[in-house]
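Colleague: Input: one structure, supplied below.
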Amino acid sequence: MYSIAIHGGAGTLTRNQMTAEREQAYLSALKHSIDASTLLLMEGKSALDAVEAAVRLLEDSPLFNAGKGSVFTHTGKHEMDASIMEGAHKRAGAVATVYGIKNPISMARRVMEETEHVLLSGEGAMQFAIENNIAMESEEYFYDELRYKQWQEAVKKGSMQLDHTPLDEKKFGTVGAVALDRHGNLAAATSTGGMTNKRFGRVGDTPIIGSGTYANNKTCAISCTGSGEFFMRAVVAYDVSCLMEYKSLSLQEACDIVVHDRLLSIGGDGGLIGVDVLGNICMSFNTEGMYRAARNSEGLESFAIYKD
Ligand code: ASP
């Protein structure tokens, strides 16, 4: 059996901002990503390959706040965070505050596979990218008119704007994927541009193993999206795994407690996707919506934006 779930962030457009055309664009971007990654799982490829492929395609879409669609920092740049983890040996790789990288998720995988480290950040990470011929793109590739306006608005207000803040007219989301492959292995991957107008050097939950991303073959694979500072304080992804491992909760029960109780109790908004070793999928969020899709070998097929 195999299962896969993907998300495009919990900072969706509100229902009254959503048009049929926009909805179609988001759903087809999700479909493109899940089609390609499902194919890999069908062929017997690893969960790690599937989550990397799914996230790469979402990073290449301008619709989501990751890779090409990354938001502007306070200094008018794009700084991206990403991480990936596999559940069999609990190997993980991550990058933080990298810029000009076309697919930060693939760079995170290279950190996992080609170094003895888990997380590379800033100039050291950029040096690694140059030495290893990681694909780069120019500033123009990351430029987006709407994202620019979002940033200008946040600068004017002197605020740090989350995707999830209902200030702006258009909101975009972090991206992620979780999968179980035919060999019984789990993997998770998450990638983001962070928050509009964030301080230069700010790192969110996305590249932090155990907060934004986690995978353990004993329990589950988790990818998060939301206000990173709260996700770090609540150690969200690992908390779901702990509730399953130490309290024998189901994936759904564990996700619901973390998203609707523990996170909310400290004021954190967002959501997560998870898959367990039996292939069960969970997609919990405490925001108005979360761009999401799921599939498994038993015929499950789900695409959604809001709580339906
Ligand atoms: N979690 C991301 C961060 O705080 C933002 C998001 O999910 O949209 O960087």
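The values are calculated or read from the model by the stated rules, or taken from the named source; none is laboratory data. What you are looking at is a predicted structure, and each value in this text was computed from that prediction instead of being measured. Because the Cβ atoms are built from the backbone with ideal geometry, glycine has one as well, and the counts that use them run over all protein chains shown.
Colleague: Scan region 220-228 and tell me whether some residue there is assigned to a helix (DSSP H, G or I), within 13 Å of the ligand (Cβ to nearest atom) and either at pLDDT 95 or above or buried (at least 24 other Cβ atoms within 10 Å of the Cβ) (or both).
Modeller: yes
Colleague: Okay, moving on. On the given criteria, is D60 surrounded by fewer than 22 Cβ atoms within 10 Å (Cβ to Cβ) and at pLDDT 95 or above?
Modeller: yes
Colleague: Go through the residues of region 279-302 one by one and say whether even a single one is part of a strand (DSSP E or B) and surrounded by fewer than 20 Cβ atoms within 10 Å (Cβ to Cβ).
Modeller: Looking through region 279-302, at least one residue is part of a strand (DSSP E or B) and surrounded by fewer than 20 Cβ atoms within 10 Å (Cβ to Cβ).
Colleague: Is it true that V111 is among the β-branched types (V, I, T), more than 28 Å from R182 (Cα to Cα) and crowded, with 20+ Cβ neighbours inside 10 Å?
Modeller: So V111 fails the test.
Colleague: Hey, another quick one. Could you please find all residues in region 1-52 being more than 16 Å from the ligand (Cβ to nearest atom), farther than 22 Å from R109 by Cβ, touching a residue at least 40 places away in the same chain (Cβ under 8 Å) and not in a loop (DSSP other than H, G, I, E, B)?
Modeller: Within region 1-52, R15, Q17, E23, L27, K31 meet the criteria.
Colleague: Hey, another quick one. Which condition from (1) within 15 Å of the ligand (Cβ to nearest atom); (2) part of a loop (DSSP other than H, G, I, E, B) is the one that F231 breaks?
Modeller: Only one criterion in (1) within 15 Å of the ligand (Cβ to nearest atom); (2) part of a loop (DSSP other than H, G, I, E, B) is unmet by F231, namely (2).
Colleague: Kindly list, by first and then second residue, each pair from a residue in region 84-109 that is in contact (Cβ under 8 Å) with a residue 24 or more places away in the chain to a residue that is hydroxyl-bearing (S, T, Y) and assigned to a helix (DSSP H, G or I), limited to pairs with Cβ atoms under 8 Å and residues at least 6 apart or on different chains.
Modeller: From residues that are in contact (Cβ under 8 Å) with a residue 24 or more places away in the chain, the pairs are K102/Y141.
Colleague: Scan region 260-279 and give yes if some residue there is closer than 23 Å to G44 by Cα, touching a residue at least 60 places away in the same chain (Cβ under 8 Å), touching a helix residue (DSSP H, G or I) at 6+ places or on another chain (Cβ under 8 Å) and not aliphatic (A, V, I, L, M), otherwise no.
Modeller: Scanning region 260-279, I find at least one residue that is closer than 23 Å to G44 by Cα, touching a residue at least 60 places away in the same chain (Cβ under 8 Å), touching a helix residue (DSSP H, G or I) at 6+ places or on another chain (Cβ under 8 Å) and not aliphatic (A, V, I, L, M), so the answer is yes.
Colleague: Residues that are touching an Asp or Glu at 6+ places or on another chain (Cβ under 6 Å), at least 2 per element: which strands (runs of 3 or more DSSP E) completely within region 63-158 meet that?
Modeller: Values: elements: 80-86, 92-98, 119-121.
In region 63-158, the matching strands (runs of 3 or more DSSP E) lie at 92-98.
Colleague: If I ask for residues that are outside any helix (DSSP H, G or I) and more than 16 Å from the ligand (Cβ to nearest atom), which ones from region 234-264 would you list?
Modeller: Matches in region 234-264: S248, L249, S250.
Colleague: How many residues are basic (K, R) and away from the ligand (no atom under 15 Å from the Cβ) when one looks only at region 171-192?
Modeller: Here the count works out to 1.
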